[in-house]
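Readers should treat all values here as calculations from the given coordinates under stated rules, not as data from a laboratory. Bear in mind the structure is a predicted one, so any value in this text is a computation, not a measurement.
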Amino acid sequence: MSEELGSLEAELARMRPRVLTPELAARIAAPLTLPPRRSRSDRLLWCAIGSGVIAACTIAVLLLDQPASSGLPSSVMASGSMPRAGDLTVSSARQPEQLASAWK
């Protein structure tokens, strides 16, 4: 077995690769000198990242541009004694002049 390996190793040692022709060397070197192209998925990824950054900046501007609140919110309740819908039964028992004055 070792004798067969020895003859194989001797045969492999005698082998030498052929010399490249200048034409073949130029054909191999041409694509290596070009700048690498970005794939479609890389461009799509960068577009998605850019869109996310723009959206985040827009949200930040909208949130930071809000005017500062001045403490307590203003009251939505009216400051007078206006009649309510539940007072209909009470107001129907009133005299017409009292009803008219209550709605003014």
Among the residues of region 30-44, write down those that are within 21 Å of the chain's Cα centre (by Cα) and of a type in the set (D, E, K, R).
40, 42, 43
Reported set for region 1-58 where residues are basic (Lys, Arg) and in a helix (DSSP H, G or I) is 14, 27, 40, 43
